[in-house]
Amino acid sequence: MSNNQLTLSTTRFTKAQRLLTPAAFREVFDAPERKLHQGHLMAFVRSNNCEQPRVGMAITKRKVPTAVVRNLIKRQIRENFRVQASNLENKDIVFIVKKSVKELN
């Protein structure tokens, strides 16, 4: 197995890498160090005291009405985070959907 394949197969998305409690989300929303805006997504970033970066998502039915599409967005965010987690600093990142994604394909 090549070194690149070994790295990819050992990276996992663990429960410790997720923001789970409303209090953890509130900390990031109340005092973000940085806000990143894109067309349909927004990210709130804040330093954490954990040994690794963590991610959370707030994707509402109002913005993304079907569960299939909501789950697809969550899977894509999780996968990108999982691949990039080793390159990230110890930050909490929360993604929210700003606009409806009906016009996206």
Neighbourhood charge, 13 Å Cβ-Cβ cut-off, centred on Thr11 and excluding it, Lys, Arg +1 and Asp, Glu -1: +2
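Please state the relative contact order of the chain as a whole percent: Cα pairs under 8 Å, 6+ residues apart?
36
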Proximal charge balance of Met57 [Cβ under 10 Å; K/R count +1, D/E count -1]: +4
Amide H contacts under 5 Å for Gly56, placed H, 5+ residues apart: Leu19, Ile93, Val94, Phe95
Probe 1.4 Å, protein heavy atoms only - accessible area per residue of the chain in square angstrom: 71
Helix-derived mean residue ellipticity, 222 nm - over the chain, DSSP H n ≥ 4, -39500 (n - 2.57), to 500: -10500 deg cm²/dmol
Whole-percent carbon and sulfur share, accessible surface of the chain, 1.4 Å: 50
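Taking the Kirkwood radius as the inverse of the mean 1/r across Cα pairs, report the Rg/Rh of the range 35-79.
Answer for the range 35-79: 1.01.
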Per-selection Kirkwood Rh - the range 19-61 (Cα, Å, 1 d.p.): 11.3
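The values are calculated or read from the model by the stated rules, or taken from the named source; none is laboratory data. All figures in this text were calculated on a predicted structure; none of them were measured in a lab. All Cβ positions, even for glycine, are placed from backbone atoms using ideal geometry, and neighbour counts span all protein chains on display. Just so you know, the surface numbers come from the protein's heavy atoms only, side chains and all, with ligands and any DNA or RNA stripped out. Shrake-Rupley method; radii C 1.70, N 1.55, O 1.52, S 1.80 Å.
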